[in-house]
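Heads up, the thing below is written out as C-alpha cells.
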Amino acid sequence: MEKKTHISLYWKCQLIGWSVAALYWAFQGCTGDGFRVDVAFLQFVLDVAMYILITHLYRNFSHRNRWQDLALEKLMWRMLIAIPVMGVIYAVVTLVKLYLVRLAFLSHAPQPFADFMSLNAVTVLVGGVRLMAIWLLAYHLYHYAKREIRLSVENARLELSFKQSQLDNLSAQLNPHFLFNALNTIKSLVYTHPDAAGRAIDLLSELLRSGLYKGSTMLIRLNEEIELVRDYLELEGLRMEERLQYELDIDVSLSGVMVPRLCVQTLVENAVKHSIALQKQGGRIELIIGEQNGLVNIQVLNPGQLKQGKTVEGIGLRNLKERLDLSYQHQASFKLYELEQKVCAEIKIPIR
C-alpha cells in the first residue's frame, strides 16, 4: 500500500503563516510603480524560505535548551531577550535580501548599501520585532497550553488511579468484616438452635452467592442491595428471635438505581449491633428509601440516643463514608442524628 506523507501541525502553521505574510507584502508591492510578477514571485519564495529557516533555527535552539519545560515566568524573561535578537536577525536578512534583489533586477545602478540600510533599517527592524514577537508568543503559548493540558490529564489519571486504589482497598475490607460477623452469629446458634444454625448457613451461602463477593464491583442495583439486607435481617433474626423486628418502606421505582455495594446493609448492621443487640427487650429497625430533590434518600432508624459528640465509628461506617466521598466527589452525604427519640443513619446519593 502507498504510504501517505504526513505534515505536522508545526510545519503546516509555518508554511501557511509565512505564505500569508509574503502574499500580503506582494499585494502591497503590486500597488506601487514598477511592479514585476517575476520579482514578486522571487520575493515570495525567498520570504517564505528565509523566515521559516530563521524561526525553525530558533525552535531547534529552544528545544535544545528545553525552554518548553520552563515555568511561564522564566520563559517570559527569555522571550524578552529573544524577541529583539530575532528582530535584528530578521532585519539584517530582509535588508540584504531586498538590496540583492534590487541589484539583480534594476537596470540602473542602485544606491550604496550603507545609504539603503540607513534609510530602511528602522522601519524593517520595527516590523521584524513585531513579527517575531507574534511568532514567539504564538509558538510558546501553544506549547505551554499543550503542556498544561497534558499535565492536567496526567494528574487526573493519577488521581483517578489513586481513588480506584483506595476504593479497591476499602472494598477488600468489606467482605471479611461482614463474613466475620455472620460467622459469629452462626457460632452462637450451633449449640443452642441447631436448626436455626442450618438455616443461617443457608442464608450465608445465599449472601455469598448473590452479591457479597462481587470482585471489584463497586455499585449494584438497589433491589439487589435490599435482597442482601433481607437475608441479613433474617440471619440476625434467627439469633435474636422476637427481639429483632423490622419494617421496610421502599420506593419500588428506585429499584434499578445503582448504589454503593453494602451501603444499606452497613447501616442496618450498625443499627442491629449498636442498638437492638444491646437492649434486653430488643427493638424495631425501620428502613425508609425514597427520592428527594434528585437524590436517593436512605434512612435507617433504630431506638436509642446518640452519645454526646458521637462521630462515625467502627470500620463499617468509616468505610462507608470514605467510599461515598471517593465515588461521588463529595456530592453524596452520610450523617447520624436523633429523630423523634430514635437514632437515624441517613445516606443521600445522587441518582445516576
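Given the options Val268, Val257, Val296, name the one that is under 30 Å from Thr192 (Cβ atoms), touching a residue at least 24 places away in the same chain (Cβ under 8 Å) and of a type in the set (Val, Ile, Thr).
Val268
Looking at Glu286, Glu242, which one is in contact with a Leu (Cβ under 6 Å, 6 or more places away or on another chain) and among the charged types (D, E, K, R)?
Step by step, each of Glu286, Glu242 is checked, and only Glu286 is in contact with a Leu (Cβ under 6 Å, 6 or more places away or on another chain) and among the charged types (D, E, K, R).
Using the structure shown, decide if Arg209 is more than 16 Å from Ser188 (Cα to Cα), among the basic types (Lys, Arg) and either part of a helix (DSSP H, G or I) or modelled with pLDDT of 85 or more (or both).
Yes; evaluated as a whole, the condition is true for this residue.
Which number in (1) at pLDDT 90 or above; (2) crowded, with 21+ Cβ neighbours inside 10 Å; (3) closer than 17 Å to Lys342 by Cα marks the one condition that Val264 misses?
For Val264, the exception is condition (3).
Between Asp38, Asp33, Asp69, which is closer than 17 Å to Leu141 by Cα and either at pLDDT below 85 or outside the structural domain of Gly128 (by TED's automatic domain parsing) (or both)?
Unique residue meeting the criteria: Asp69.
Considering only the stretch 339-352, state which residues are free of Cβ contacts under 8 Å to residues at least 60 places away in the same chain and within 38 Å of the chain's Cα centre (by Cα). Reasoning before the result, please.
Here is the first cut: in the stretch 339-352, the residues free of Cβ contacts under 8 Å to residues at least 60 places away in the same chain are 339-342, 344, 346, 348, 350.
Hits for the stretch 339-352 are Cys344, Glu346, Lys348, Pro350.
Checking Gln245 against (1) surrounded by 23 or more Cβ atoms within 10 Å (Cβ to Cβ); (2) among the polar types (S, T, N, Q); (3) within 14 Å of Glu286 (Cβ to Cβ): exactly one of these is not met. Which one?
Gln245 satisfies every listed condition except (1).
Among the candidates Ala26, Ala71, Ala40, Ala21, single out the residue that is free of Cβ contacts under 8 Å to residues at least 40 places away in the same chain and within 43 Å of the chain's Cα centre (by Cα).
On the way: Ala26 fails: within 43 Å of the chain's Cα centre (by Cα); Ala40 fails: within 43 Å of the chain's Cα centre (by Cα); Ala21 fails: free of Cβ contacts under 8 Å to residues at least 40 places away in the same chain.
When all the criteria are applied, what remains is Ala71.
Which residues, taken from the stretch 104-129, are surrounded by 13 or more Cβ atoms within 10 Å (Cβ to Cβ) and modelled with pLDDT of 85 or more?
Asn120, Ala121, Val124, Leu125, Gly127, Gly128, Val129
Just a yes or no: is a residue in the stretch 309-330 assigned to a strand (DSSP E or B) and touching a strand residue (DSSP E or B) at 6+ places or on another chain (Cβ under 6 Å)? Give the derivation first.
So in the stretch 309-330, the residues assigned to a strand (DSSP E or B) come out as none.
No, because not a single residue in the stretch 309-330 is assigned to a strand (DSSP E or B) and touching a strand residue (DSSP E or B) at 6+ places or on another chain (Cβ under 6 Å).
The values are calculated or read from the model by the stated rules, or taken from the named source; none is laboratory data. None of these values were measured; they are calculated from a predicted model. Glycine gets a Cβ as well: all are built from the backbone with ideal geometry, and neighbour counts include every protein chain shown.
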